[in-house]
Number of protein chains: 2
Amino acid sequence: MNEVIQAEWVGNMSFESEIDGYQLHFDAEEQFGGTLRGYRPKPVVLSALAACTGMDVVSILGKKKVKFSTFKINVTGGISEGYPKYYKKIHLVYQFTGPGFQDDEEIRTKVNRAVRLSRDQYCAVSAMLKNSCEITDEIILMDS
Amino acid sequence: MNEVIQAEWVGNMSFESEIDGYQLHFDAEEQFGGTLRGYRPKPVVLSALAACTGMDVVSILGKKKVKFSTFKINVTGGISEGYPKYYKKIHLVYQFTGPGFQDDEEIRTKVNRAVRLSRDQYCAVSAMLKNSCEITDEIILMDS
């Protein structure tokens, strides 16, 4: 099965793309000739990574009947020296709040397992990045 | 230098992220428990790849004084068998129109060189994908 997308140059450093009817407008920073009236392409990859693994984890925790109050993923991309300037190291912090989460070892085990399953088996964006980028993660559980 | 982004779970399979003040709303397809009211994370990577290499090529061709009328990049992601279902093969088609472009060997040489430079030296998104995904490309020049 193939996925086909298009990006069209719309002047200066701007590109317009569309996925399932939703537009993505990309632009470069002023130092690179753009006007920053849109997404920079590189950090968009970090957002896509967070959303991709986040969806896996939500799905797996749903099957394990783990109910959380909030869930955020912080992603830090450490940029390489020289060119191309890509994220050589990516660190994901999975942060959950839920009732009694902080000291609940059963919840911790289930969350750990969900993050591992995403990383090793399901997350397509991780799979595409992990041979170029060193991806590490940590889990933070807090009471809500 | 680090780039830091966050994605926040906003219910069901939806995640909200933000880059430079521009929001990205992600969602999954219905078959995966979502409502598809946002970007699917995986094709977003293809759009980011197209925009990233597209900006390189625009910048390099600007320095080479190549003036084109339109520029589109078609990206096809061939999805792998089994899990994770990532793009094992990615094919980029760089399509330009410009006056007399179709048979202009000098333009073709410059466009070829710009695409090569992006692929091999500048494009950060390509650099992050190319060790997991086989990335190929072709160039189409047409008269405008």
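Quick notes on this structure:
- Helical runs assigned H by DSSP (4 residues or longer) give chain B a calculated mean residue ellipticity at 222 nm of -9500 deg cm²/dmol, each run adding -39500 (n - 2.57) before division by the residue total.
- Violating pairs (Cα-Cα greater than 20 angstrom) within the set A:LYS85/B:LYS110; B:LYS42/B:LYS89; A:LYS72/A:LYS110: A:LYS85/B:LYS110
- In order along segment A:45-50, phi translates into HN-Hα couplings of 5, 5, 4, 5, 4, 4 Hz, rounded to whole numbers, per the Karplus curve 6.51 cos²θ - 1.76 cosθ + 1.60 with θ = phi - 60° and x for Gly and Pro.
- Three semi-axes of the equivalent ellipsoid, the protein assembly as shown, Cα gyration tensor, whole Å, largest first: 37, 17, 16
- Residue order, fewest to most beta carbons within 10 Å, for B:ARG113, B:ARG119: B:ARG113, B:ARG119
- By the count of neighbouring beta-carbon atoms within 10 Å, fewest first, B:LYS89, A:LYS130 end up ordered B:LYS89, A:LYS130.
- Antiparallel bridge percentage (DSSP; both residues within the protein assembly as shown; nearest 5): 70 percent
- Summed side-chain charge close to B:ALA124 - residues other than B:ALA124 whose Cβ falls under 12 Å, Lys, Arg +1, Asp, Glu -1: +4
- Among beta bridges that DSSP assigns inside segment B:47-144, antiparallel share in %, nearest 5: 50 percent
- Between B:VAL10 and B:PHE15, B:GLU16, the built amide H atoms are under 5 Å apart, and every one of these is 5 or more places off in sequence or on another chain.
- Table column - 3J(HN,Hα) (Hz), segment B:8-25, Karplus curve with 6.51, -1.76, 1.60, x for Gly and Pro: 10, 5, 10, x, 6, 10, 9, 10, 10, 10, 8, 10, 6, x, 9, 7, 10, 10
- Calculated FRET efficiency for the pair B:ARG108/B:PHE32, C-beta based, R₀ 45 Å, to 0.05: 0.55
- B:ASP56, A:ASP103 arranged by Cβ crowding within 10 Å, fewest neighbours leading: A:ASP103, B:ASP56
- Length released on extending from B:GLN23 to B:GLN121, taking residue separation times 0.36 nm less the Cα-Cα span: 32.3 nm
- Phi angles across segment B:32-40 convert, under the Karplus curve 6.51 cos²θ - 1.76 cosθ + 1.60 with θ = phi - 60°, into 3J(HN,Hα) values of 10, x, x, 10, 6, 9, x, 6, 6 Hz, Gly and Pro given as x.
- Identity and axial distance of the chain A residue whose Cβ lies nearest the axis relating A to B, Å: A:ASN131, 2
- Sequence-separation-based contact order of chain B, relative, with Cα cut under 8 Å and 6+ spacing, percent: 20 percent
- Of A:LEU46, A:LEU129, A:LEU24, the one that fluctuates the most in a GNM where chain A has Cα springs shorter than 10 Å: A:LEU24
- Count Lys and Arg as plus one, Asp and Glu as minus one, and take only other residues whose Cβ is under 12 Å from that of B:ARG113; the net charge is then +3.
Where a number appears in this text, it was derived from the coordinates with a stated rule and is not lab data. Predicted model only: the values in this text are computed from it and were never measured. Positions of Cβ are generated from backbone atoms using ideal geometry, with glycine treated the same way; all protein chains shown enter the neighbour counts.
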